Amino acid sequence: MAGKYLKDKAYEMIREKIVNCELAPGSVLNESELIEEIGASRTPIREALNKLEQENLVTIIPKKCIIVRGITIDDIAEVFDARAVIEPQVLLQYADRISQRFLEDYQERCRTTEDTQELIHLDEEFHEMLYQVCDNKYLREVMRMVEGVDHRNRVYKSNEERVHEGISEHLDIVERMLAKDYEGASKCLFNHIKSAKNYAMKKYIG
């Protein structure tokens, strides 16, 4: 049990630093520093790093180094494509589990908040909500992996204009969910993800 706790602790700590770009894309991780910072032995650290490699957040070069994966245009495209397949279907299947009170509160906060960082948080809160209501462990695992890469991309290259556009699209989705038009909400979510992809690709190339 202690070993699992340390592995999970190491995984969460390193993952948070990577997805928030505290550990920059392309940077080299020092295993000895991680051991000291986390207070764990080499085994749980390596197990955590192996899991992060499976999530495409680090690259382990045996007997040489561990590198935080860079962000490529292919990564951005594939993450958005994965989200466009998964999230609209999760909404269709699990939308009736989302309380009307949550949706009304979310709607109100989106309409009354102007702070860009808070709007970014609200954007992510909506997608996190989909992750929370889904009880399929395999889907949840995939969604968590995609969310980590997507969050890192967002932190690395964010844009205030797109944040406001995205929240407007969220309000359209929520309005349909409140009306129990889940088919329409699912289509709006698909279009929202595609719009975000197009914007991100242009910004990355530019």
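Some values worked out for this structure:
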{"item": "Candidates Asp74, Asp172, Asp150: whichever shows maximal mean-square fluctuation once the chain is modelled as a Gaussian network with Cα springs under 10 Å", "result": "Asp74"}
{"item": "Shape call, the stretch 4-64: gyration tensor on alpha carbons, a/c limit 1.5", "result": "rounded"}
{"item": "Per residue accessible area of the chain, 1.4 Å probe, in Å²", "result": "56"}
{"item": "Counted charge near Lys4, where neighbours are those whose Cβ lies closer than 13 Å (Asp, Glu -1; Lys, Arg +1)", "result": "0"}
{"item": "Between 0 and 90°, nearest 10: helix 137-156 axis offset from the chain longest Cα axis", "result": "90"}
{"item": "Entries of Lys180/Lys203; Lys9/Lys137; Lys7/Lys63; Lys51/Lys137; Lys17/Lys194 with Cα pairs more than 23 Å apart", "result": "Lys180/Lys203; Lys17/Lys194"}
{"item": "Projected label distance in nm at His164 and Arg111, using a 7 Å step from Cα toward the beta-carbon", "result": "1.9"}
{"item": "Dipole moment magnitude, nearest 20 debye, the stretch 147-206 about Cα centre, only Lys, Arg, Asp, Glu C-beta charged", "result": "340"}
{"item": "Extended-chain gain in nm, criterion 0.36 nm per residue less alpha-carbon gap, Glu78 and Asn30", "result": "14.4 nm"}
{"item": "For the chain, size of Cβ-based charge dipole, Lys and Arg +1, Asp and Glu -1, in debye", "result": "820"}
{"item": "Whole-percent carbon and sulfur share, accessible surface of the chain, 1.4 Å", "result": "49"}
{"item": "Relative contact order %, the stretch 30-109, counting alpha carbon pairs below 8 Å whose residues are six or more apart", "result": "14"}
{"item": "Between helix 160-178 and the chain: long-axis angle, C-alpha atoms, 0 to 90°, nearest 10", "result": "60"}
{"item": "Charge dipole (the stretch 51-137, unit charges on Cβ, about Cα centre) - positive-most of Phe80, Cys134, Leu57", "result": "Leu57"}
{"item": "Between helix 2-19 and the chain: long-axis angle, C-alpha atoms, 0 to 90°, nearest 10", "result": "60"}
{"item": "Relative contact order (%) - criterion: Cα under 8 Å, at least six apart; region: the chain", "result": "26"}
{"item": "Gaussian network model of the chain, Cα within-10 Å springs - most flexible of Gln107, Gln117, Gln89", "result": "Gln117"}
{"item": "Amide H within-cut-off set for Val58, under 5 Å, with H built and near neighbours excluded", "result": "Glu53, Arg69"}
{"item": "Net length gained if the chain between Lys64 and Arg140 were fully extended (0.36 nm per residue, minus Cα distance)", "result": "24.1 nm"}
{"item": "Mean residue ellipticity (222 nm) of the chain, computed from DSSP H runs ≥ 4 via -39,500 (n - 2.57), nearest 500", "result": "-25500 deg cm²/dmol"}
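The values are calculated or read from the model by the stated rules, or taken from the named source; none is laboratory data. Remember, predicted model here, so these are calculated numbers, not experimental data. Please note: Cβ atoms are built from the backbone with ideal geometry, for glycine as well, and neighbour counts cover all protein chains shown. Remember, those area values only see protein heavy atoms, side chains included, never the ligands or the DNA or RNA. Shrake-Rupley method; radii C 1.70, N 1.55, O 1.52, S 1.80 Å.
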